[in-house]
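The values are calculated or read from the model by the stated rules, or taken from the named source; none is laboratory data. This one's a predicted model, so the numbers in the text were calculated from it and none came from an experiment. Every residue, glycine as well, gets a Cβ built from its backbone with ideal geometry; the counts of neighbours run over all protein chains shown. The accessibility values were calculated without ligands, DNA or RNA, using every heavy atom of the protein model including side chains. Shrake-Rupley method; radii C 1.70, N 1.55, O 1.52, S 1.80 Å.
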Amino acid sequence: MRKLNLDYIDLFQLHSPQVKHLTDDVFETLELFKSQGKIRNIGVSCDGKVLDHVLNLDFFDTVMLTYNILEQEADNQIKKAAQKNIGVLIKSPMAHGLYSNDIFKIRGLSDVWYLLRVLKNYRPQLFKGYKYRYINSYPDWKGAEIALKFVIENQFVNAAMIGTTKTHHLNSNINVVQREINQEIMQKLRRQIN
Ligand SMILES: NC(=O)c1ccc[n+]([C@@H]2O[C@H](COP(=O)([O-])OP(=O)(O)OC[C@H]3O[C@@H](n4cnc5c(N)ncnc54)[C@H](OP(=O)(O)O)[C@@H]3O)[C@@H](O)[C@H]2O)c1
């Protein structure tokens, strides 16, 4: 906190723990930080079975989970979190650009990094992304904007955590929030079977 020049942290998140890490000892320590005013909210970033486990505990203020056009499996978990009044934050909302026509195009160092990350962590999903390339063909919308709109149109999602290295992408992502989209595009994405 000294290094961040902060008196307290608004949201303190556990990063991808396993169930075995979520012990009483950890919870008591986090509660202590909260009672001391060092942190305001406690969150956890997780998916799958760990997320199921977390949603059955009455401890976390927020969960951060993977949800995007290619990975819609968390739909029910998102609803459950909202019903329990747990804030829902989405990680990787742009699906790492796997639907992009330019995924193999290298225009700068960041593209090299992103491509290597895809090849290392998301290689099995490359083919899946190929099937979503049609989202780059709608008039007035870029594929990335449609992908983001899909995530934030979910009424139970509170925020999408977007990664970008470009100011014009950041601006476009902010503008997407206010724009109206044809619901048929959204429904087609929801119906799509990978
Ligand atoms: N275990 C975890 O807790 C975990 C795991 C994964 C991710 N996360 C978090 O989730 C957040 C986002 O994740 P992420 O960066 O992996 O995935 P992401 O936001 O789904 O995708 C980032 C990709 O989208 C591109 N992009 C963003 N806006 C764009 C736009 N308007 N048009 C075209 N391309 C656009 C970026 O390229 P440009 O740079 O060219 O814009 C980048 O290639 C981060 O804060 C990350 O730390 C957490």
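The table for this structure:
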read-out	value
Theoretical ellipticity at 222 nm over the chain - DSSP helices of four or more residues, -39500 (n - 2.57) apiece, nearest 500	-11500 deg cm²/dmol
For the range 82-125, the spread of Cα positions along each principal axis, largest first, Å	43, 22, 17
Solvent exposure ordering (accessible area, 1.4 Å, most first) of R190, R133, R2	R2, R190, R133
Ratio Rg/Rh, restricted to the chain and using Cα atoms, in which Rh is the Kirkwood radius	0.99
Net charge, G48 excluded, C-beta distance under 15 Å - Lys, Arg +1, Asp, Glu -1	-1
Ranked packing of 62-72, 159-169, 145-155, 117-127, most packed first, by mean Cβ within 10 Å	62-72, 145-155, 159-169, 117-127
Loop sites in the range 3-62: chymotrypsin sites (Phe, Trp or Tyr not before Pro), DSSP, at most 16 other Cβ within 10 Å	Y8, F59
Spatial separation of Cα centroids for the range 1-28 and the range 143-160, in angstrom	27 Å
Label-point separation in nm, E153 to T167, each point 7 Å along Cα→Cβ	3.1 nm
Separation in nanometres of the label points that stand 7 Å from Cα toward Cβ, at H21 and R179	3.6 nm
Spatially proximal lysines relative to K49 (Cα-Cα < 25 Å; intrachain offsets below 8 disregarded)	K20, K79, K80, K84, K91, K120, K128
